[in-house]
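So the structure is just underneath, and the comments pick up after that.
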Amino acid sequence: MSKTYFSDGNTADYSKDFQPGTLNGAQGTIPGAHPSTDFQSQLVSWYKGAENADLTDFSYAPESYDATILTALAALKAKSNVSADLNKQLGAVSGANGGTKCSSYAECAPLVTAGTEIQYTGQSGIGPLNSHNEPSSAFIGIYKFDANNVPQFQSAIEGQTSY
């Protein structure tokens with residue numbers, strides 16, 4: 001099985017499904033940025049408090065978090081919570097117009113309120129949104145299964161979108 005290559009949702013923890021060593025050395029991909037250790041700790045702590053359960057899957061966590069922050073910043077810039085108004089500001093707060101780099105709502109909000117153009121850099125590490133309000137780049141993580149049949153992050157590759 002070490003020559004097997006998994007993708008997306010198939011790159012998962014199989015520690016309870018197969019005997020140890022079954023997938024050792026197999027590889028796979030998971031779309032999205034790999035969250036930092038600090039961000040994972042924050043998510044685990046929040047989830048434990050909110051759901052009283054353990055969080056073990058961080059797929060799309062950086063992207064989901066960033067989408068929420070970008071939306072909040074767009075609302076602040078638009079001075080509105082109307083979706084059409086937010087849509088017009090998403091690119092701007094993502095850095096499509098350039099601007100001061102900032103990496104959290106707490107850091108970015110005062111800049112937006114002061115009328116400063118910003119580039120929210122966030123957890124996912126992607127660049128500014130393109131003219132379609134879609135990411136101009138994205139990451140895919142490469143994982144390798146350990147002796148317990150659990151995928152372990154190895155590296156990430158960033159790619160640019162096609163339009």
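Set the Förster radius R0 to 22 Å, insert the Cβ-Cβ distance between K3 and D146 as r into 1/(1 + (r/R0)^6), and round the FRET efficiency to 0.05. Kindly include the intermediate steps, with their values, before the conclusion.
Values: r = 16 Å, r/R0 = 0.74.
Efficiency, from the Cβ-Cβ distance: 0.85.
Apply the Karplus curve 6.51 cos²θ - 1.76 cosθ + 1.60, θ = phi - 60°, to the phi angles in segment 119-132 and return the couplings in whole Hz, x for Gly and Pro.
Taking θ as phi minus 60°, the curve returns 10, 6, 9, x, 8, 7, x, 7, x, x, 5, 8, 5, 9 Hz for segment 119-132.
Report which label in (i) 13.4; (ii) 11.1; (iii) 12.2 holds the value of mean projected area of the Cα convex hull in nm² derived from the coordinates of this structure.
(ii)
Can you give the Kirkwood hydrodynamic radius for segment 1-79, in Å, rounded to one decimal and based on Cα pairs?
Working: mean 1/r = 0.0660 Å⁻¹.
Computed over Cα pairs of segment 1-79, the Kirkwood hydrodynamic radius comes out at 15.1 Å.
Using θ = phi - 60° and the Karplus relation 6.51 cos²θ - 1.76 cosθ + 1.60, list the HN-Hα couplings for segment 6-16 in order, rounded to whole Hz, with x at every Gly or Pro.
Karplus-based 3J(HN,Hα) across segment 6-16 equals 9, 9, 6, x, 7, 7, 9, 6, 10, 4, 9 Hz.
Using only the Cα atoms of segment 48-87, build the gyration tensor, take square roots of its eigenvalues as a ≥ b ≥ c, and label the shape rounded, prolate or oblate: rounded if a/c is under 1.5, else prolate if a/b is larger than b/c, else oblate.
On the way: a/c = 4.17, a/b = 2.49, b/c = 1.67.
Judged from the Cα gyration tensor, segment 48-87 comes out prolate (a/c at least 1.5, a/b above b/c).
Mind checking which of N52, N97, N133 has the largest fluctuation in a GNM of the chain, springs on alpha carbons under 10 Å?
Greatest mean-square fluctuation among the candidates belongs to N52.
Over segment 1-146, give the accessible area per residue in Å² for a 1.4 Å probe, as an integer.
Values: 8270 Å² over 146 residues.
Ligands and nucleic acids excluded, the result is 57 Å² per residue.
Could you tell me what percent of the accessible area of segment 52-163 is made up of carbon and sulfur, with a 1.4 Å probe and every protein chain present? Walk me through the numbers before you get to the answer.
Numbers: 3200 of 6090 Å².
Answer for segment 52-163 is 53 percent, counting heavy atoms of protein chains only.
As an exercise, use a Förster radius of 35 Å and the Cβ-Cβ distance of K16 and N133 to find the FRET efficiency, rounded to the nearest 0.05. Let's see the in-between values first.
Values: r = 40 Å, r/R0 = 1.15.
Calculated transfer efficiency: 0.30.
By DSSP, what percent of the beta bridges with both residues in the chain are antiparallel, rounded to the nearest 5?
Working: 15 of 21 bridges.
If we restrict to bridges inside the chain, about 70 percent are antiparallel.
When the label point is put 7 Å from the Cα of S41 along its Cα-to-beta-carbon vector, which residues of segment 121-163 have a backbone N closer than 11 Å?
Label zone hits: none.
Between T56 and I157, what's the calculated FRET efficiency when r is the beta-carbon distance and R0 is 30 Å? Round to 0.05.
Values: r = 24 Å, r/R0 = 0.79.
With R0 = 30 Å, the Cβ-Cβ based efficiency is 0.80.
The values are calculated or read from the model by the stated rules, or taken from the named source; none is laboratory data. All figures in this text were calculated on a predicted structure; none of them were measured in a lab. Neighbour counts are summed over all protein chains in view; Cβ atoms, including those assigned to glycine, are modelled from backbone coordinates with ideal geometry. All accessible areas refer to the heavy atoms of the entire protein, side chains included, with ligands and DNA or RNA removed. Shrake-Rupley method; radii C 1.70, N 1.55, O 1.52, S 1.80 Å.
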